[in-house]
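Colleague: I'd like to ask some things about the structure below.
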Amino acid sequence: MRKTLKTACLTLVLLALLDVLVAMTLSWAERTGRFGSLVYFFDYGRSVPGKLARWEAEPNLVGNLYDIGWRSETVASSAASFAKESSDTGPFIRSYGMSFTLNIRDQALALRPDLNWESHAGPAGSPNFTYALFQDDRANRREGDIVVLGILSSVVPAMATHSNQTRVFEQPAPLTYPIYQPDTAGGLVRIDPLITTPEEHRALASDPVARAEWYAQLDQNDAYYSKITYGAPWLDASPLARLTRRALAQSHLDDVASEFVGGDIYPYETVLPRMISEFAKTARDDGQFPVVMLVQTNRRFDPDILAITKSTMDAEGIPYLATAELFDPTDLSGYLGDGHYTPQVDRMFAQHLIDMLDL
């Protein structure tokens, strides 16, 4: 027993010494700009508050997503562009989505440079993000416009979140968006986040009351929020703790995503069709032409978004482009290394959209 105890104590001491040595090496590497890949590897395991604090302190840090995708800034930019537009130029295509919809737009403009296209997007933009952006940007559209709502299958599990920071542990962009819940009348209830601008988020560092309220809202509404990813940020000083947190965080996020797709924590199969229905109604009420762009990928927790929404779109005559009807999402030859579709496949989608709209 005594020998076992000594061995355990010696092991702990050696681990502590190794942890200190690695921490000193990482600190030196950061100061001198050496071993960048090693530094990034250990940074992935920092807590979410730790990552966000680093981004605040070092705005030019590689991979900093702090100021990317905020709806308030996107809508303000949209309003400024809209004010400069002339109605004489003809109808605009106004799309709300993410990088996949931007890639299809780029190919459409390559095919038809004469198109008037105004894009609004955010990193890994989930359906609740894109739909909220469509709602918030209503004043910056006019009668006759074509309005495109982009829905990406791989981020449907983010419909149970208020922010990318709770679900994307390694790059927790702090942009925020509402969560939508079904009501008893067949519509949706919009639950807005307490934090809506990057300035409000930065202010959390010096306002413990606001920070506590924000974390309380995440704890109540956001399925992915966890002490595993947010708790004990002081442990970020330990490289060993970072590695442990990263492993636990990924397991936690995978478990929640699995429960989500199983329908155990959020009624996405009810919310998505209602969201599309309300999107089309709003556009039509404003004299605009609604189009739904369903981008299906083949990642681990991707639901079949066409199967979930097709009956609603068919019943209500809502035009849609479903990539799964044009290209098999399980065919890996159609993807780039970063998970996006190749330009050739995107061009096929773009041509289909142009033909569908008879542009």
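The values are calculated or read from the model by the stated rules, or taken from the named source; none is laboratory data. Here the structure is a predicted model, which is why all the values come from computation and not from measurement. Glycine also receives a Cβ, built like all others from the backbone with ideal geometry; neighbour counts cover every protein chain displayed. Accessible surface is based on the protein model in full, side chains and every heavy atom, while ligands, DNA and RNA are left aside. Shrake-Rupley method; radii C 1.70, N 1.55, O 1.52, S 1.80 Å.
Colleague: Restricting the range 268-297 to residues that are among the polar types (S, T, N, Q) and more than 17 Å from the chain's Cα centre (by Cα), which is least open to solvent (accessible area, probe 1.4 Å)?
Modeller: Of all residues in the range 268-297, those among the polar types (S, T, N, Q) come to 270, 277, 282, 288, 296-297.
So of that shortlist, the ones also more than 17 Å from the chain's Cα centre (by Cα) come out as 270, 277, 282, 288.
Values: T270: 56, S277: 29, T282: 31, Q288: 14 Å².
The qualifying residue least open to solvent (accessible area, probe 1.4 Å) is Q288.
Colleague: Name the residue that is most open to solvent (accessible area, probe 1.4 Å), counting only residues in the range 173-210 that are part of a helix (DSSP H, G or I) and touching a Lys or Arg at 6+ places or on another chain (Cβ under 8 Å).
Modeller: Checking each candidate, the answer is A205.
Colleague: Hey, another quick one. Do you know which residues across the range 219-235 are under 19 Å from I191 (Cβ atoms), in a helix (DSSP H, G or I) and either of a type in the set (F, W, Y) or in contact with a Phe, Trp or Tyr (Cβ under 9 Å, 6 or more places away or on another chain) (or both)?
Modeller: D219
Colleague: So, one more: Select, from D331, D358, D338, the only residue that is open to solvent by 70 Å² or more (accessible area, probe 1.4 Å) and more than 20 Å from A124 (Cβ to Cβ).
Modeller: Being open to solvent by 70 Å² or more (accessible area, probe 1.4 Å) and more than 20 Å from A124 (Cβ to Cβ) holds for just one of D331, D358, D338, which is D358.
Colleague: Among the residues of the range 119-154, what is the count of those that are within 22 Å of W70 (Cβ to Cβ), under 20 Å from the mean Cα position of the chain (by Cα) and not aliphatic (A, V, I, L, M)?
Modeller: Residues that pass the stated criteria total 17.
Colleague: If the Cβ limit is 7 Å and pairs must be 6+ apart or interchain, which residue in the range 345-358 that is touching a residue at least 24 places away in the same chain (Cβ under 8 Å) pairs with which residue that is open to solvent by 10 Å² or more (accessible area, probe 1.4 Å) and not in a helix (DSSP H, G or I)?
Modeller: F349/L326; H352/L326; I354/R112; M356/P319; L357/I146
Colleague: Please find, within the range 82-98, the residue that is least open to solvent (accessible area, probe 1.4 Å) out of those that are on the phi < 0 side of the Ramachandran plot, assigned to a loop (DSSP other than H, G, I, E, B) and not charged (D, E, K, R).
Modeller: M98
Colleague: Continuing with the same structure: When the range 101-110 is examined, which residues are found to be touching a residue at least 60 places away in the same chain (Cβ under 8 Å), open to solvent by 10 Å² or more (accessible area, probe 1.4 Å) and hydrophobic (A, V, I, L, M, F, W, C)? Break it down stepwise before answering.
Modeller: Pass one, the range 101-110, residues touching a residue at least 60 places away in the same chain (Cβ under 8 Å): 101, 103-108, 110.
Filter once more, so that each one left must be open to solvent by 10 Å² or more (accessible area, probe 1.4 Å): 103, 105-107, 110.
Within the range 101-110, just A110 meets the criteria.
Colleague: Report, ordered by the first and then the second residue, all pairs with beta carbons closer than 6 Å, sequence separation of six or more or different chains, a first member in the range 131-148 that is within 17 Å of Y180 (Cβ to Cβ), and a second member that is of a type in the set (V, I, T).
Modeller: Partner pairs satisfying both residue conditions: D136/V75; D137/V75.
Colleague: In addition: Consider the range 311-345. How many of its residues are touching a Phe, Trp or Tyr at 6+ places or on another chain (Cβ under 8 Å) and assigned to a helix (DSSP H, G or I)?
Modeller: 4
Colleague: Can you pull out every residue in the range 254-267 that is surrounded by fewer than 21 Cβ atoms within 10 Å (Cβ to Cβ) and either in a helix (DSSP H, G or I) or without any contact (Cβ under 8 Å) to a residue 12 or more places away in the chain (or both)?
Modeller: Answer for the range 254-267, where residues must be surrounded by fewer than 21 Cβ atoms within 10 Å (Cβ to Cβ) and either in a helix (DSSP H, G or I) or without any contact (Cβ under 8 Å) to a residue 12 or more places away in the chain (or both): D254, D255, S258, E259, V261, G262, G263, D264.
Colleague: While we're on this one: Consider only pairs whose beta carbons are under 7 Å apart and that are at least six residues apart or on different chains; among these, list those whose first residue lies in the range 283-297 and is under 21 Å from S154 (Cβ atoms) and whose second residue is open to solvent by 10 Å² or more (accessible area, probe 1.4 Å) and among the aliphatic types (A, V, I, L, M).
Modeller: As it stands, the answer is V291/I146; L294/L306; Q296/L306; Q296/A324, since those pairs meet every condition given.
Colleague: Give the residues of the range 111-128 that are open to solvent by 40 Å² or more (accessible area, probe 1.4 Å), more than 15 Å from S163 (Cβ to Cβ) and in contact with a strand residue (DSSP E or B) (Cβ under 9 Å, 6 or more places away or on another chain), sorted by residue number.
Modeller: Across the range 111-128, the qualifying residue is only N116.
Colleague: Scan the range 298-312 for residues that are open to solvent by 30 Å² or more (accessible area, probe 1.4 Å), modelled with pLDDT of 95 or more and closer than 22 Å to V168 by Cα and jot them down.
Modeller: D304
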